[in-house]
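Colleague: A single structure is presented below for examination.
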Ligand code: AMP
Ligand code: GLY
């Protein structure tokens, strides 16, 4: 099969790596890819926003399946465009990608289908929002109703934080917006829960725990994700049943009642309290870095799984998992998530290719000649699978110390809730 992946992050390198092992694969392209996807696939420098150029390339190269990694092209409708052109594509269409594109859209579904989530209020003006604050208790959460790469969420401890958040959002910090969301603050433990769907049926696609904060002990600013481990220690059969019956199935019912279907990965960001799940948000794709930690645990051919989804055959497709633990630690550029230097060389990264139980997935990297440069905040993901999280973490840190990239940093406490040392 001739396959193209859209995206350039760690998630897309992990997808490319897993697909590259398939016997069904004839040719793999990464658009645009990174220094890590170069070699296991062919990187093609086409702007994913340029749909006509993409289509021309897919026709020229006789691409049989396109896989969309990130949310932005999904929310903007790349799937609808390609399906209209009769190109097989894995990912949800624009209408259902609103599950990530608009938090208010998702909240309205939660309300209609009785899906457990934080209590909320939609506000259309600053005055309206300020007025609501006067009768609120703190902490509370304020969210911009836009795709903001995790940055449009404010956890407010007191009224002045909330006023500041409301002002920033309505003043256009995340682009033009006519509405925002004020939410009850949920206590508990977070978990990332994944399913894969072909529009008719769905299967679970493992769980993970992400560490979003930049600092040790989960402190400091939010990032795209500093590391993750899988499976989550919170998951059990009873909780999984509740997540499926109370959250996933009602959502898929809502999709059906919109007269459309959901094809792709669906990622539920959940808060778990006393073994009860609450939906914080949906993402219409795999998580990053959750994808890097989950995919090495798959025990069958990823091409089979994704192709089955695109052909409405998921029901008969088994998904097998290794009975192992997996961990990912992200090496970042110093300064991230604020300012950091770009185009900084990383020596010797080629010596850390995926092998055995160790995996190296690039994110913000670029190759020039035979040199590798860091061009992003999150630069490389180091993953290890083993029988316990403690061993995996030691193994990853051993490799990070060996690489010894002076311009980078990483969190050495990923998995602290499941490692007692
Ligand atoms: P979101 O982009 O909606 O996932 O929010 C980003 C992060 O903010 C989440 O991963 C949570 O850590 C936190 N968060 C969002 N909503 C809530 C809530 N209602 N209660 C507590 N924490 C929240
Ligand atoms: N790891 C969080 C995300 O992918 O949104």
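Colleague: Among the candidates 226, 191, which residue alone is surrounded by 16 or more Cβ atoms within 10 Å (Cβ to Cβ) and within 16 Å of residue 413 (Cα to Cα)?
Modeller: Answer to the selection: 226.
Colleague: Mind checking which residues of region 147-164 are in contact with a helix residue (DSSP H, G or I) (Cβ under 9 Å, 6 or more places away or on another chain) and without any contact (Cβ under 8 Å) to a residue 60 or more places away in the chain?
Modeller: 152, 154, 155, 156, 159, 162, 163
Colleague: Take the residues of region 242-291 that are assigned to a strand (DSSP E or B) and away from ligand 2 (no atom under 16 Å from the Cβ): which is nearest to the chain's Cα centre (by Cα)?
Modeller: Checked region 242-291; the qualifying residue nearest to the chain's Cα centre (by Cα) is 263.
Colleague: Take region 260-276 and flag every residue that is within 13 Å of ligand 1 (Cβ to nearest atom) and either under 18 Å from residue 225 (Cα atoms) or buried (at least 24 other Cβ atoms within 10 Å of the Cβ) (or both).
Modeller: Result: 267, 268, 269, 270, 271.
Per-residue answers, yes or no, for (1) farther than 24 Å from residue 93 by Cα; (2) at pLDDT 95 or above; (3) in contact with a helix residue (DSSP H, G or I) (Cβ under 9 Å, 6 or more places away or on another chain):
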{"position": "145", "(1), (2), (3)": "no, no, yes"}
{"position": "195", "(1), (2), (3)": "no, yes, yes"}
{"position": "205", "(1), (2), (3)": "no, yes, yes"}
{"position": "210", "(1), (2), (3)": "yes, yes, yes"}
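Colleague: Also, quick follow-up: Would you say residue 118 is over 20 Å from the mean Cα position of the chain (by Cα) and within 14 Å of ligand 1 (Cβ to nearest atom)?
Modeller: Values: over 20 Å from the mean Cα position of the chain (by Cα): yes; within 14 Å of ligand 1 (Cβ to nearest atom): yes.
In short, yes.
The rows are residues; the columns are (1) outside any helix (DSSP H, G or I); (2) surrounded by 17 or more Cβ atoms within 10 Å (Cβ to Cβ).
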{"site": "6", "(1), (2)": "yes, yes"}
{"site": "23", "(1), (2)": "yes, no"}
{"site": "36", "(1), (2)": "yes, yes"}
{"site": "52", "(1), (2)": "no, no"}
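Colleague: Next question, about the same structure. With the structure loaded, tell me whether residue 239 is surrounded by 19 or more Cβ atoms within 10 Å (Cβ to Cβ) and within 16 Å of ligand 1 (Cβ to nearest atom) or whether it fails that test. Steps first, please.
Modeller: Values: surrounded by 19 or more Cβ atoms within 10 Å (Cβ to Cβ): yes; within 16 Å of ligand 1 (Cβ to nearest atom): no.
Answer is no for this residue.
Colleague: Sticking with this structure for a sec: Kindly evaluate residue 214 against the criterion of being surrounded by 17 or more Cβ atoms within 10 Å (Cβ to Cβ), at pLDDT below 95 and farther than 24 Å from residue 295 by Cβ.
Modeller: It is false that residue 214 is surrounded by 17 or more Cβ atoms within 10 Å (Cβ to Cβ), at pLDDT below 95 and farther than 24 Å from residue 295 by Cβ.
Colleague: May I ask you to list the residues in region 129-151 that are more than 22 Å from residue 106 (Cα to Cα) and either within 15 Å of ligand 2 (Cβ to nearest atom) or assigned to a helix (DSSP H, G or I) (or both)?
Modeller: Selection gives 130, 131, 133, 134.
Here is a yes/no grid of residues against (1) under 26 Å from residue 44 (Cβ atoms); (2) under 22 Å from the mean Cα position of the chain (by Cα); (3) not in a strand (DSSP E or B):
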site: 337; (1), (2), (3): no, yes, yes
site: 351; (1), (2), (3): no, no, yes
site: 373; (1), (2), (3): yes, no, no
site: 385; (1), (2), (3): no, yes, no
site: 395; (1), (2), (3): no, no, yes
site: 402; (1), (2), (3): no, no, yes
site: 414; (1), (2), (3): no, yes, yes
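Colleague: What about residue 294, is it in contact with a helix residue (DSSP H, G or I) (Cβ under 9 Å, 6 or more places away or on another chain), in a strand (DSSP E or B), at pLDDT 95 or above and more than 20 Å from residue 222 (Cα to Cα)?
Modeller: When the stated conditions are applied, residue 294 does not pass them.
Colleague: Could you tell me which residue of region 152-175 is nearest to ligand 1 (Cβ to nearest atom), considering only residues that are surrounded by 16 or more Cβ atoms within 10 Å (Cβ to Cβ) and part of a loop (DSSP other than H, G, I, E, B)?
Modeller: 152
Colleague: To continue, here is another question. Taking the residues in region 207-234 that are part of a strand (DSSP E or B) and more than 15 Å from ligand 1 (Cβ to nearest atom) as candidates, determine which candidate is nearest to residue 338 (Cα to Cα).
Modeller: 229
Colleague: When the residues of region 221-241 are filtered to those that are at pLDDT below 95 and farther than 16 Å from residue 331 by Cβ, which remaining residue is farthest from ligand 2 (Cβ to nearest atom)?
Modeller: 221
The values are calculated or read from the model by the stated rules, or taken from the named source; none is laboratory data. Values in this document were obtained by computation on a predicted structure and should not be read as measured data. Using ideal geometry, Cβ is built from the backbone for each residue, glycine included, and neighbour counts are taken over all protein chains shown.
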